[in-house]
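Down below is the structure, laid out as structure tokens.
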Amino acid sequence: MTEPGLLTVVPPALKRLAQQVVRGFYGVDHALALDVLIRNPCVREEDMLELLKFERKQLRSVLNTLKADKFVKCRLRVETAADGKSTRHNYYFINYRLLVNVVKYKLDHMRRRIETDERDSTNRASFRCPCCLSTFTDLEANQLFDPMTGEG
């Protein structure tokens, strides 16, 4: 039984958000890997290798980058084959709730940085020399005039 408030289908807006963020800030390999994960809710690493035709090292590099930025989650599962041997498989999936929180955090961080840069550039006092028309910041202005000798 599923809980009444639990969604079993991912809204298209969330899928589009994930695609656009990865396409905007990452390379083509990352976008392709995420597209596979968007189309399939949970994918085994070997299946992704077959679908994308990547080398194992390249795929792991791409997935580790996405995993470090919290766009993709990984689950290690031990499976027993018919002959009794146990094998470990990595299953990758997208946690959309975490993805939304990460995007919100990164956007807020970018907004704060832009506001700080804007505030610093507008609040910095600048002084203009009437003779040579050079401009000086408030940090440089105190070096222009020596109050002890009265020279400028």
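The values are calculated or read from the model by the stated rules, or taken from the named source; none is laboratory data. Because the structure is a prediction, the values reported are computed rather than measured. Heavy atoms of the whole protein, side chains included, go into the accessibility calculation; ligands, DNA and RNA do not. Shrake-Rupley method; radii C 1.70, N 1.55, O 1.52, S 1.80 Å.
How many angstrom separate the Cα center of segment 87-122 from the Cα center of segment 15-72? So the two Cα centres are separated by 17 Å. On a 28 Å Cα-Cα criterion, which of the cross-link pairs LYS57/LYS104; LYS15/LYS85; LYS15/LYS57; LYS15/LYS67 come out too long? Too far apart for the 28 Å limit: LYS57/LYS104; LYS15/LYS85.
Quick one: accessible area per residue over segment 97-137, 1.4 Å probe, rounded to a whole number of Å²?
Numbers: 3590 Å² over 41 residues.
Accessible area per residue: 87 Å².
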